[in-house]
Amino acid sequence: MIATTNETKLFGILGTPIKHTLSPAMHSYMAEKYHVDMAYIAFDVSGENLKKAIDGVKAIGAKGFNITAPHKIAIMDCIDVINSEATYMGSVNTVVNKDGIWHGYNTDGDGYCHSLTLEGFEISDKKVLVMGAGGAARSVCYKLAENGAESITVATGSDEKKRVIGDMLEKNTKALFCDSFDRTKLYDLIINTTPAGMHPLENENPCRFMDCINKNTVCSDLIYNPIKTVFLKEASARGAKIHNGLGMLICQGILAFELFTGEKTDKKKTYEELINLFNYYRI
Ligand code: NAP
């Protein structure tokens with residue numbers, strides 16, 4: 001526990017529900033490790049109170065904050081500058097106060113890609129199949145494309161949401177966008193970005209293509225609670241390599257910490273230490 005001083009900088013996370021967030025533990029750990037005089041607190045804020053909460057955060061001179069569900073889109077109307085990536089992704093998860101100007105970023109997609117590479121999975125030239133087309137899918141697809149994925153196929157019920165991702169990829173990246181699953185294609189990486197597999201849907205597997213999964217497939221789930229979703233368990237039984245959402249959570253936090261503090265972290269070491277901190281989640 002870091003003692004606060006008259007110089008302590010205030011950071012936090014705003015969302016609802018927020019009771020189970022791991023962010024305060026993560027940021028407090030990094031503050032101690034990198035000797036930063038900061039406090040990081042979780043605030044349960046409803047949609048109705050978001051604007052008031054942000055006005056309060058600004059008025060008391062906080063230095064930055066993370067934003068989680070369900071406010072990652074609404075926050076965009078409450079800040080001054082949004083960087084180009086967060087604009088393409090259409091959501092913000094990190095806000096930094098730079099001399100009174102509030103800057104928005106999105107570290108989710110970058111965090112996801114860092115977690116894959118830190119776990120030894122390649123992104124470059126890979127054929128990726130993404131299940132779901134919500135906010136997290138947009139961030140993940142954008143960053144996978146930027147990191148050299150060869151093609152990105154989005155499988156979801158909503159043609160409109162799929163098109164939004166297609167437009168984003170086609171306008172801003174070199175990856176090939178495919179709007180429907182192709183049984184003849186061998187996908188290298190299959191990612192669940194839907195809430196299927198997480199409470200109260202913990203018995204649901206969103207993947208309709210389990211027969212296409214083999215020992216050469218990497219199956220990844222953005223969910224980290226449970227740490228092994230039904231999708232990951234069934235993929236593992238087919239010999240696939242699996243990757244869960246805890247690494248994404250940790251890496252988006254490390255990247256947010258760097259934006260907040262200007263510190264250059266040792267990502268690999270910090271990642272390993274934070275994985276150990278949450279080792280009860282280990283697969
Ligand atoms: P979202 O914007 O609500 O998008 C969810 C997507 O999943 C939509 O395309 C939705 O389709 C689809 N979907 C919803 N229920 C489904 C079901 N039962 N079966 C199949 N598809 C379903 O949510 P999000 O913010 O992208 O978050 C998605 C998941 O990622 C959540 O589980 C969240 O916890 C996780 N996440 C993890 C991290 C991390 O750090 N590990 C970070 C962000 C998000 P429709 O719109 O057509 O219903």
Magnitude of the charge dipole, the chain, Cβ model with Lys/Arg +1 and Asp/Glu -1, debye to 20: 380 debye
Cα pair count fraction exceeding 31 Å, expressed as % - the chain: 26 percent
Within the accessible area of the stretch 1-156 (1.4 Å probe), percent carbon and sulfur: 52 percent
Contact order normalised by residue count of the stretch 1-140, Cα under 8 Å, 6+ apart, percent: 20 percent
Rounded to 5, percent antiparallel among DSSP beta bridges of the chain: 20 percent
In sequence order, calculated HN-Hα J values of the stretch 183-197 (Karplus, 6.51, -1.76, 1.60; Hz; x Gly/Pro): 5, 7, 8, 9, 7, 7, 9, 10, 10, 8, 10, 9, x, 5, x
Pairwise Lys count, the stretch 20-164 - Cα closer than 20 Å, eight or more residues apart or different chains: 20
Extreme residue, positive dipole direction of the chain, given options Y224, Y34, N203 (C-beta unit charges): N203
Relative contact order of the stretch 167-262, defined on C-alpha pairs under 8 angstrom at six or more residues apart (%): 22 percent
Label-reachable residues, the stretch 218-247, where backbone N falls under 18 Å from a point 7 Å from E150's Cα toward its Cβ: 218-219
Accessible area per residue, Å², the chain with all protein chains present, probe 1.4 Å: 47 Å²
Using a Förster distance of 22 Å, the FRET efficiency for A69-H199 (Cβ separation, nearest 0.05): 0.95
More than 23 Å apart - percent of Cα-Cα pairs taken over the stretch 7-114: 24 percent
Order by protection proxy (mean Cβ within 10 Å, highest first), peptides 39-47, 7-15: 7-15, 39-47
Rg/Rg_ref, the stretch 197-283, where Rg_ref = 2.2 N^0.38 Å and atoms are Cα: 1.26
Helix-derived mean residue ellipticity, 222 nm - over the chain, DSSP H n ≥ 4, -39500 (n - 2.57), to 500: -10500 deg cm²/dmol
Dipole magnitude of the stretch 1-146, debye to nearest 20 (Cβ charges: Lys/Arg +1, Asp/Glu -1, about Cα centre): 220 debye
Aspartates and glutamates with Cα under 12 Å of K9, excluding same-chain neighbours fewer than 8 positions away: D37
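The values are calculated or read from the model by the stated rules, or taken from the named source; none is laboratory data. Treat the numbers as computed from the prediction; the structure is a model and nothing was measured. Every residue, glycine among them, receives a Cβ derived from its backbone with ideal geometry; neighbour counts consider all protein chains shown. Just so you know, the surface numbers come from the protein's heavy atoms only, side chains and all, with ligands and any DNA or RNA stripped out. Shrake-Rupley method; radii C 1.70, N 1.55, O 1.52, S 1.80 Å.
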